[in-house]
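The values are calculated or read from the model by the stated rules, or taken from the named source; none is laboratory data. Keep in mind it's a predicted model, so treat the numbers as computed, not measured. Cβ sites come from the backbone with ideal geometry, for glycine too, and all protein chains shown count toward neighbours.
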Amino acid sequence: MHCPFCQHEDTRVIDSRLTDDGTTVRRRRECPQCGERFNTFETAELKLPAVVKSGERRESFDEAKLRVSFERALQKRPVHSEAIDIAVRAVIDDLRRSGEREVASRQVGELVMRELKKLDHVAYVRFASVYRKFEDVQAFLQEIDKLQHDLPGLETLQISLLGEDAHSRRKK
């Protein structure tokens, strides 16, 4: 690697360490010519598939756009930023594992909805309403009904809170 100070053609590594998240190697380097020291960071470059939009237009995958989608849906919802990071990483990992060179934007949207459903049901409905372009209230209600069907009933939640004995006495 060239020295950024004197442009000498070779530098030597004097220390290497993993960053806290384990995805990057920090290397401390020294130039034998001028004696200056500097850091470099090494990460694995893994190519994500291109995103094919509805009009057959292709775009490079953009993690920032993905993150903005999550943040908009989760705006003013009680979800920690760490949970958003995990959800974004899950979508990216799924796309990377697919091995595809191109992926339809629709597929990315479905992955986002899957992760939002795990994080926050209100955010899921928000995203689904925009993403699926609900034409009327009936389509919106159908999506909420599907979501409610996937959730445990209130009766089930009360049983676990009250315990079996309280539930048995109430039925008698």
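Quickly run through the stretch 22-68 and pick out the residues that are part of a strand (DSSP E or B) and within 24 Å of the chain's Cα centre (by Cα). So that I can check it myself, show each step before the final result.
From the stretch 22-68, those part of a strand (DSSP E or B) are 24-30, 37-43, 50-52, 58-59; that's our starting set.
Once the filter is applied, which keeps residues that are part of a strand (DSSP E or B) and within 24 Å of the chain's Cα centre (by Cα), the stretch 22-68 yields T24, V25, F41, E42, T43, A50, V51, V52, R58, E59.
Considering only the stretch 24-80, how many residues are within 25 Å of S129 (Cβ to Cβ), among the polar types (S, T, N, Q) and surrounded by 10 or more Cβ atoms within 10 Å (Cβ to Cβ)?
2
Go through the stretch 95-121 and give me each residue that's crowded, with 16+ Cβ neighbours inside 10 Å and closer than 22 Å to A44 by Cα.
Answer for the stretch 95-121, where residues must be crowded, with 16+ Cβ neighbours inside 10 Å and closer than 22 Å to A44 by Cα: L95, V103.
How many of the residues making up the stretch 126-157 are closer than 22 Å to I86 by Cβ and either modelled with pLDDT under 80 or not in a helix (DSSP H, G or I) (or both)?
4
When the stretch 95-125 is examined, which residues are found to be closer than 25 Å to R57 by Cβ, of a type in the set (D, E) and not in a helix (DSSP H, G or I)?
E100, E102 - these are the residues of the stretch 95-125 that are closer than 25 Å to R57 by Cβ, of a type in the set (D, E) and not in a helix (DSSP H, G or I).
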